[in-house]
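Only one structure is covered here, and it is reproduced in the block below.
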Amino acid sequence: MPKIFIANWKMHGGTAFVAEWAARFLPPPAVQVVVCPPFPYLAAARRLLPSAVAIGAQSVFCQTPDGAHTGEVSARMLADVGCEYVIVGHSERRVAGETDADCAAQLAAVAAAGMTPVLCAGETAAAQNPAPAKEAVLRQLRALESLPERVPFAVAYEPVWAIGSGKTPSAEALLHTGEIIRRELIAQKGAFGSTIPVLYGGSIKAENAALLGRAGMDGGLVGGASLDAAEFAQICRMGGVE
Ligand code: PGA
């Protein structure tokens, strides 16, 4: 499977930024790139980036149908503007009140709209010791049970303490957590679970992107460093090396 590199712009960007980023970004060969701008810039990103680059959303409302939900955006709308991926359960959404049940509903809504959900799971700094870390991640992964059989999805292991902090796990620790996640995916989904991309996110930059390959990750979810198109392209190249 091609490695997947997701640029999570979070709440950054603007009309001029999207155009400049798209002009500067040279998509590396043989990897799947997904760019996730804020909602207002999804359509512009789709128009300005090459078709080989997929567009993704950073969140979605947890119910499928349209309706009286002021301020929300449905999965159908995201698919309609050209999204192919949706990030679900990012820790910055979980601290704002999103629950595992919300994540389960979002996963189902995204899959029903024909897009690929990317479920984020990771332990907080307080739960950084191996046993509770494993527990927190496994609890979050249970939301995947809401997905119908054999629909494509991805998992991003994002330890909360590594996001935006400049800290990353060691390659050994990441490899170990990757194995725990893989075992759970196979336990839930059978052989199909071995085909699911497991990504890592948290303080990945060009200078440390080789960690992804060393730890056997299937790609990365990149926040801050993805705002620089040239650095993000370099991360895709470095992180794609086994
Ligand atoms: P970061 O964010 O790369 O800025 O640490 C990663 C993420 O939150 O997805």
* Which trypsin sites (Lys or Arg not before Pro) in the range 101-188 pass both tests, a DSSP loop state and at most 12 other beta-carbon atoms within 10 Å? -> Arg150, Lys167
* Gln140: net charge of surrounding residues, Cβ under 13 Å, Lys/Arg +1, Asp/Glu -1, itself excluded? -> -3
* To do: Before rounding to the nearest 500, sum -39500 (n - 2.57) across all DSSP H runs of length at least 4 in the chain and divide by the residue total; then give [θ] at 222 nm in deg cm²/dmol.
  => -10500 deg cm²/dmol
* **Cross-link table Lys10/Lys167; Lys134/Lys167; Lys10/Lys189; Lys3/Lys205; Lys10/Lys205, entries beyond 21 Å C-alpha to C-alpha** => Lys10/Lys189
* **Nitroxide proxy distance, nm - points 7 Å out along Cα→Cβ at Ala171 and Ala96** => 3.6
* If you place +1 on the Cβ of every Lys and Arg, -1 on the Cβ of every Asp and Glu, and leave all else neutral, what size is the dipole of the range 1-141 about its Cα centre, to the nearest 20 Debye? -> 360
* Asked: Using alpha carbons only, what's the Rg to Rh ratio of the range 179-242 with Rh from Kirkwood?
  -> 1.06
* the chain: Rg/Rh from Cα coordinates, Kirkwood Rh? -> 0.94
* To do: Return His12, His90 ranked ascending by Cβ neighbour count within 10 Å, so the fewest neighbours appear first.
  => His12, His90
* Structure fact -> The exposure ranking of Asp80, Asp228, fewest beta-carbon neighbours within 10 Å first, is Asp80, Asp228
* Asked: For the range 150-235, what relative contact order do you get, as a whole percent, if you take Cα pairs closer than 8 Å and at least 6 residues apart?
  -> 34
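Just so you know, all these numbers are worked out from the coordinates, no wet-lab data involved. Please read these numbers as outputs of a predicted model, since none were measured by experiment. With ideal geometry, Cβ positions are generated from the backbone for all residues, glycine too; neighbour counts draw on all protein chains shown.
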